[in-house]
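The values are calculated or read from the model by the stated rules, or taken from the named source; none is laboratory data. Every value quoted in this text rests on a predicted model; they were computed, and no experiment measured them. No Cβ is skipped: glycine too gets one built from the backbone with ideal geometry, and neighbour counts run over all protein chains shown. We work out accessible area using only protein heavy atoms, side chains counted, and drop any ligands, DNA or RNA first. Shrake-Rupley method; radii C 1.70, N 1.55, O 1.52, S 1.80 Å.
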Amino acid sequence: MARDINKLNGIQKVAILFITLGPEASSGILKKLPESEIQKITYEIANIASVSSEQRENILNEFLETNKAKDYIVEGGMDYARALLSKALGPQKASEILSRVSEANQQYRPFAIARKADASQLLNVLNYEHPQTIALILCYLQPDKAAQVLADLPEEVQSDVALRIATMSNTSPMVIKEIEKVLNNKLFSVLRTEMTTLGGVETLVDILNQVDRTTEKNITEGLEREDEVLAEKIRNSMFVFEDIITLDDVSIQRLLREVEVKELALALKGCSEDVANVIYKNQSKRAAASLKEDMEFLGPVRLMDVEKSQQKIVSIIRRLEEAGEIIVSRGGEDAIII
């Protein structure tokens with residue numbers, strides 16, 4: 001069952017937002033994000049089992065409300081934004097939205113991931129830390145979350161941590177950075193073990209099939225470092241341009257009726273001889289000869305342009321597959337027995 005959106009962290013909300021927006025829109029946004037964020041988001045997408053229509057609508061509304069609030073702040077400051085939002089949505093809703101904006105603006109504050117994690121997840125990690133480390137981390141959490149963690153610590157640790165918070169002086173930024181790094185790694189490990197790999201792969205595949213090959217490679221390699229089994233599952237579900245050789249002749253011929261000759265010529269400039277031969281084999285001699293001439297006429301081309309053309313053809317393949325007009329075999333799942 002889908003979780004309440006109030007129990008989701010920021011990365012999980014972004015993952016659901018991307019699912020809601022669809023592959024084409026999401027891929028455009030994804031390409032502009034830092035690689036570290038891309039890996040976290042794609043991991044969440046791949047591990048989301050289900051998203052209810054209500055959850056999609058709530059997260060989309062939250063996204064729209066937050067962005068509208070940011071516009072108001074830019075126009076006239078926080079008080080102006082609060083006045084407009086209060087008039088439109090009421091004081092309580094306005095406070096909730098502005099709180100989210102404030103949280104987003106603090107994304108570079110130390111221990112940002114800890115601030116987004118559940119108190120129970122934090123407790124699982126902090127239980128094994130030194131009281132001084134716990135005290136430092138709690139100082140950077142929201143007061144209500146810090147209070148919940150403190151209350152759930154063992155009684156013999158609570159007073160020690162509280163004393164250290166009250167008497168804490170300046171701490172070296174280097175020490176804070178190192179503790180944050182260790183905590184983030186531990187939190188990510190906890191989050192990963194709590195997730196399920198029952199679904200979400202197909203959604204991620206849809207998005208990856210829309211991005212450029214460089215982004216796709218970075219994401220899959222990043223996922224492989226975190227979870228080899230999941231990365232392999234995604235690769236098995238992916239269809240890349242070179243996989244055209246796995247299509248049957250009827251499917252290739254159907255594909256060729258959808259692809260412009262100039263697009264095909266550019267795409268073939270960067271492919272293997274095996275792929276090119278499969279295409280030629282499914283054309284008339286005259287069409288194949290004409291295609292080869294077009295490829296020669298192109299001369300040197302940019303790799304980026306070749307990959308863009310290949311991606312367009314892959315998108316056509318996926319569209320034809322979804323319409324049931326061609327068959328794409330993946331790991332024997334779609335094998336045909338005669």
Can you say whether E232 is touching a helix residue (DSSP H, G or I) at 6+ places or on another chain (Cβ under 7 Å) and either outside any helix (DSSP H, G or I) or at pLDDT below 90 (or both), as far as the supplied structure shows?
no
Tell me yes or no: at least one residue of the range 289-303 is in a helix (DSSP H, G or I) and under 30 Å from Y43 (Cβ atoms).
yes
The residue that is nearest to L247 (Cα to Cα), considering only those in the range 259-310 that are open to solvent by less than 40 Å² (accessible area, probe 1.4 Å) and among the polar types (S, T, N, Q), is N282
Here are some conditions: (1) within 20 Å of I207 (Cα to Cα); (2) assigned to a loop (DSSP other than H, G, I, E, B). G270 meets all but one. Which one does it not meet?
(1)
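Residue by residue, here is whether (1) at pLDDT 85 or above; (2) assigned by the TED database to the domain that holds K177 holds:
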{"residue": "L84", "(1), (2)": "no, no"}
{"residue": "K87", "(1), (2)": "no, no"}
{"residue": "E103", "(1), (2)": "no, no"}
{"residue": "N127", "(1), (2)": "no, yes"}
{"residue": "H130", "(1), (2)": "yes, yes"}
{"residue": "I137", "(1), (2)": "yes, yes"}
{"residue": "L153", "(1), (2)": "yes, yes"}
